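Undergrad: Can you keep this structure in mind? I'll have questions shortly.
The values are calculated or read from the model by the stated rules, or taken from the named source; none is laboratory data. Just so it is clear, the model here is predicted, and its values are computed rather than measured. Glycine also receives a Cβ, built like all others from the backbone with ideal geometry; neighbour counts cover every protein chain displayed.
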Amino acid sequence: TARVRVHHLQQAKERGEKWAMLTAYDTFSAAVFEEAGIPVMLVGDSAGNVVLGHTSTVPVTVEDILVLTKAVTRSTKRSLIVADLPFGSYEASPQQAFTTAVRMMKEGGAQAVKLEGGVRVAPQTRVLTENGVPVMAHVGFTPQSEHALGGFRVQGRGAGAEQLLADAHAAQEAGAFAVVLEMVPAPLAAQVTKELTIPTIGIGAGADCDAQVLVWPDMAGLTGGRVPRFVKKYADLRGELLRAAREYADEVRDGVFPGPEHSFE
Ligand code: KIV
Ligand code: NA
């Protein structure tokens, strides 16, 4: 079957069909998610936290995302692969954004890019979309601005609702094909979803968005410690991996592994 394309997501919105996006950072996860029928995967800069061991997405580099994007695009052929533009790689000018986005497509093999912001990065979004780069916007809580936003908090409450609406509309007007709404009150996300013609993708934004996204190690229970309220854990991969690693170590120590069936004459 053919690759999912931006216009398929537009058609899904028109038909009222919801869909799920997941992050992906490596060849195993991407292949599994494609087999599961996940139409869109994001090589998110959440890799900074969940893959690279940073405490935020701020230190993530273009090279980091490129390496992960290559791994994901090599093992997928149907899912639409979106590469996140890291902090500092697109804000300065549309030219800077275009140079980075072209690398994600030419070197990484991505079919689209995501950047954080609405009104603020509308010039970037316009230049990219007018030059053949499909853009996914990301508004509401934008993790790259965590230090400016005063930490992890719901955006768009009270007077912030006007800003959120302005950002979402600016993204659409500048040509974005979809917009992620992160940590936005559900009624406001529902309003944005109704007002926009492009799909909204919620994370901590309630049930009325056109699509949802989760960070896969969070939803699969691989992430240790606390996960945000908006995460649902669909598996306990951390527990399962812990069990497997312990059992392997025990069996080696006890001389149970390798057995004759794992050995050569
Ligand atoms: O980096 C990421 O994983 C993201 C999603 C949470 C939207 O930006
Ligand atoms: Na991100």
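Undergrad: List the strands (runs of 3 or more DSSP E) that sit entirely inside the stretch 1-92 and contain at least 1 residues that are among the basic types (Lys, Arg) and surrounded by 17 or more Cβ atoms within 10 Å (Cβ to Cβ).
TA: Numbers: elements: 19-23, 40-43, 80-84.
Answer list for the stretch 1-92: none.
Undergrad: Can you pull out the helices (runs of 4 or more DSSP H) entirely within the stretch 139-248 that have at least 2 residues that are under 21 Å from Pro86 (Cα atoms) and of a type outside the set (Asp, Glu)? It would help to see each step written out before you state the result.
TA: On the way: elements: 146-149, 160-173, 186-195, 216-219.
The helices (runs of 4 or more DSSP H) meeting that bar are 146-149, 160-173, 216-219.
Undergrad: Go through the stretch 208-230 and give me each residue that's touching a helix residue (DSSP H, G or I) at 6+ places or on another chain (Cβ under 7 Å) and closer than 24 Å to Gly118 by Cβ. Spell out how you get there, then give the answer.
TA: As a first pass, look at the stretch 208-230 and keep what is touching a helix residue (DSSP H, G or I) at 6+ places or on another chain (Cβ under 7 Å): 208-210, 215-217, 220-224, 227.
Result: Asp208, Cys209, Asp210, Val215.
The rows are residues; the columns are (1) more than 13 Å from the chain's Cα centre (by Cα); (2) polar (S, T, N, Q); (3) more than 12 Å from ligand 1 (Cβ to nearest atom).
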residue	(1), (2), (3)
Lys13	yes, no, yes
Lys18	yes, no, yes
Phe28	yes, no, yes
Glu34	yes, no, yes
Leu42	no, no, no
Ala47	no, no, no
Val62	yes, no, yes
Thr69	no, yes, yes
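Undergrad: Please enumerate the residues belonging to the stretch 162-199 that are within 16 Å of ligand 1 (Cβ to nearest atom) and under 18 Å from Val121 (Cα atoms).
TA: Within the stretch 162-199, Leu164, Asp167, Ala168, Ala171, Ala176, Phe177, Ala178, Val179, Val180, Leu181, Glu182, Ile198 qualify.
Undergrad: Does the stretch 218-229 include one or more residues that are modelled with pLDDT of 95 or more, farther than 24 Å from His54 by Cα and assigned by TED's automatic domain parsing to the domain that holds Trp19?
TA: The answer is no, given that none of the residues of the stretch 218-229 is modelled with pLDDT of 95 or more, farther than 24 Å from His54 by Cα and assigned by TED's automatic domain parsing to the domain that holds Trp19.
Undergrad: Okay, moving on. Please go through the stretch 223-265 and give me each residue that is closer than 20 Å to Leu22 by Cβ and of a type in the set (Lys, Arg), ordered by number.
TA: Those that are closer than 20 Å to Leu22 by Cβ and of a type in the set (Lys, Arg): Arg229, Lys232, Lys233, Arg238.
Undergrad: Quick check on Thr23: is it within 16 Å of ligand 2 (Cβ to nearest atom), modelled with pLDDT under 95 and in the same structural domain as Met104 (by TED's automatic domain parsing)?
TA: Details: within 16 Å of ligand 2 (Cβ to nearest atom): yes; modelled with pLDDT under 95: no; in the same structural domain as Met104 (by TED's automatic domain parsing): yes.
Against the criterion (within 16 Å of ligand 2 (Cβ to nearest atom), modelled with pLDDT under 95 and in the same structural domain as Met104 (by TED's automatic domain parsing)), Thr23 does not qualify.
Undergrad: Across the stretch 110-133, what is the total count of residues that are away from ligand 1 (no atom under 16 Å from the Cβ), in contact with a strand residue (DSSP E or B) (Cβ under 7 Å, 6 or more places away or on another chain) and part of a loop (DSSP other than H, G, I, E, B)?
TA: Counting residues in the stretch 110-133 that are away from ligand 1 (no atom under 16 Å from the Cβ), in contact with a strand residue (DSSP E or B) (Cβ under 7 Å, 6 or more places away or on another chain) and part of a loop (DSSP other than H, G, I, E, B) gives 2.
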